[in-house]
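Engineer: Below is a structure I'd like to ask you about.
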Amino acid sequence: MQKSVLITGASSGIGLACAQLFAKNKYNLIITGRRKDSLLKIKSDLQKGFSVEVQALDFDIRDRHAVNEAVNSIGTKYIDILINNAGLASGLNTVQDGDIDDWEKMIDTNLKGLLYISRAVLPLMIARGKGHLINIGSIAGKEVYPDGNVYCATKHAVDALTKGMRIDTVQYGIRVSQIAPGAVETEFSLVRFHGDQAKADEVYKGFEPLHPEDIADAVLYVASTPEHVNINDLVIMPRAQACATILHKEL
Ligand code: NDP
Ligand code: 8X3
């Protein structure tokens with residue numbers, strides 16, 4: 001039977017690359033995000049390109065009622081894999097100068113949104129006695145870098161939740177994994193710098209960052225191991241990035 005995967009934040013970046021790769025590998029997809037037009041275009045492209053079923057659900061993951069409604073709308077379809085990918089950084093600043101609206105966006109999306117959808121999907125997996133949660137954490141969940149405070153805190157929380165969810169669900173045959181990338185060139189920096197393209201481009205100058213497809217490859221690998229195997233945690237960096245703060249740039 002064809003497996004199905006629900007990918008949050010599939011309208012761009014890592015989530016989109018995952019949608020493309022899983023479709024190519026004949027998984028049926030449920031793709032989510034806020035940008036309805038992008039999701040519908042991706043749905044149509046993937047259905048045509050790979051002859052898989054694609055359901056597009058546009059909702060804001062910060063809205064728990066919308067999350068529950070979206071998961072209910074999946075009906076009797078099953079979800080084999082939930083890729084908890086939707087997330088963002090908003091701003092880069094000290095705590096003393098921080099923008100509280102930025103903090104709320106990050107906490108509500110990266111932490112509470114991930115919890116809302118996991119809370120809605122996990123009971124469905126538990127009822128079937130199988131399922132796999134793959135959380136997209138970050139090097140920011142392993143280290144803290146200057147001005148990264150709240151974003152790093154949300155990703156440390158994802159790291160902790162991955163471990164907690166594994167403890168909570170081990171008895172039900174559920175797998176729980178985390179993938180923690182370093183710098184990946186996506187819309188991430190554009191969002192972090194509130195649409196300032198020049199600032200975003202600067203982040204990826206002078207070295208080859210990871211591409212979203214590199215992370216999708218890892219997600220597919222984690223999802224494809226035999227059922228008795230669980231990859232707990234994968235930290236993936238560009239070769240030029242030694243740790244969160246040390247990048248070898250050739251400018
Ligand atoms: P993108 O900005 O390209 O993609 C983010 C995705 O999240 C989009 O599809 C966006 O969809 C979705 N999203 C954001 N906010 C919401 C929301 N409130 N409700 C629903 N969907 C939302 O960035 P990336 O692909 O880089 O980011 C994906 C994940 O990877 C994030 O969790 C990020 O923290 C993590 N990560 C990124 C790294 C990087 O260097 N790029 C490194 C390590 C981790 P839409 O706008 O349509 O709502
Ligand atoms: C995104 C990568 O290094 O900006 O999570 O935190 S980093």
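The values are calculated or read from the model by the stated rules, or taken from the named source; none is laboratory data. Being a predicted model, the structure only gives us computed values, none of them experimental. Neighbour counts run over all protein chains shown; Cβ positions are idealised from the backbone, glycine included. Surface areas here come from the heavy atoms of the whole protein model, side chains and all, with no ligands, DNA or RNA. Shrake-Rupley method; radii C 1.70, N 1.55, O 1.52, S 1.80 Å.
Engineer: Name the most mobile residue of Thr109, Thr76, Thr169, meaning the one with the largest mean-square fluctuation, in a Gaussian network model of the chain with Cα contacts below 10 Å.
Structural biologist: Result for the chain, Cα springs under 10 Å: Thr76 fluctuates most.
Engineer: Just list whichever of Lys48/Lys112; Lys36/Lys199; Lys24/Lys48; Lys36/Lys105; Lys105/Lys199; Lys105/Lys142 have alpha carbons separated by over 23 Å in the model shown. Write down the numbers at each step before the final one.
Structural biologist: Details: Lys48/Lys112 34 Å; Lys36/Lys199 27 Å; Lys24/Lys48 11 Å; Lys36/Lys105 20 Å; Lys105/Lys199 20 Å; Lys105/Lys142 21 Å.
Listed pairs above 23 Å: Lys48/Lys112; Lys36/Lys199.
Engineer: Under a GNM of the chain (C-alpha, springs under 10 Å), which listed residue has the highest mean-square fluctuation: Ala157, Ala17, Ala127?
Structural biologist: It is Ala127.
Engineer: Moving on. Give me the Kirkwood hydrodynamic radius of the chain in Å, from all C-alpha pairs, to one decimal place?
Structural biologist: 18.3 Å
Engineer: If I fit a long axis through the Cα atoms of helix 13-24 and take the longest principal axis of the Cα atoms of the chain, what angle between them do I get, 0 to 90°, rounded to 10?
Structural biologist: Once rounded, the angle reads 30 degrees.
Engineer: Find, among the trypsin sites (Lys or Arg not before Pro) in region 78-141, those assigned to loop by DSSP (not H, G, I, E, B) with at most 15 other beta-carbon atoms within 10 angstrom. Numbers along the way, then the final one.
Structural biologist: Details: sites: Lys105, Lys112, Arg119, Arg128, Lys130; in loops: Lys130.
Taking region 78-141 and a limit of 15 other Cβ atoms within 10 Å, the loop trypsin sites (Lys or Arg not before Pro) found are Lys130.
Engineer: With +1 on each Lys and Arg Cβ and -1 on each Asp and Glu Cβ, and nothing else charged, work out how big the dipole of the chain is about its Cα centre, in Debye to the nearest 20.
Structural biologist: Approximately 980 debye in magnitude.
Engineer: Here's another thing I want to ask about it. Relative to the first principal axis of the alpha-carbon coordinates of the chain, what is the inclination of helix 36-50, with its axis defined by its Cα atoms, in degrees from 0 to 90 and to the nearest 10?
Structural biologist: On a 0 to 90 degree scale, this one is about 60.
Engineer: Let me ask you something else. What's the carbon and sulfur percent of region 4-236's accessible surface, probe 1.4 angstrom, rounded to a whole number?
Structural biologist: About 53 percent, which is the carbon plus sulfur part of the accessible surface.
Engineer: At 0.36 nm per residue, minus the direct Cα-Cα distance, what do Glu187 and Cys243 gain on full extension? Give it in nm, one decimal, please.
Structural biologist: Result: 18.0 nm gained on full extension.
Engineer: Could you calculate the FRET efficiency of Ala198 with Leu251 from 1/(1 + (r/R0)^6), where r is the beta carbon distance between them and R0 is 22 Å, rounded to 0.05?
Structural biologist: Between Ala198 and Leu251 the formula returns 0.90.
Engineer: Using Cα atoms only, what is the angle between the long axis of helix 114-128 and the major principal axis of the chain, expressed in degrees (0 to 90) to the nearest 10?
Structural biologist: 30 degrees
Engineer: Could I ask something else about it? Run the paramagnetic zone check for Gln2: 7 angstrom along Cα to Cβ, then residues of region 52-82 with backbone nitrogen under 18 Å.
Structural biologist: Residues passing the 18 Å test: 52-57, 74-82.
Engineer: How much accessible area per residue does region 4-236 have, in Å², with a 1.4 Å probe?
Structural biologist: Each residue of region 4-236 exposes 45 Å² on average to a 1.4 Å probe.
Engineer: At 1.4 Å probe size, what's the solvent-accessible area of Ser90? Round to the nearest 10 Å².
Structural biologist: Around 10 Å² of this residue is reachable by solvent.
Engineer: A further question on this structure: Place a label point 7 angstrom from the Cα of Ala160 along the Cα-to-Cβ direction, then list the residues of region 103-120 whose backbone nitrogen is under 19 Å away.
Structural biologist: In region 103-120, the label zone of Ala160 (backbone N under 19 Å from the point 7 Å along Cα→Cβ) covers 103-119.
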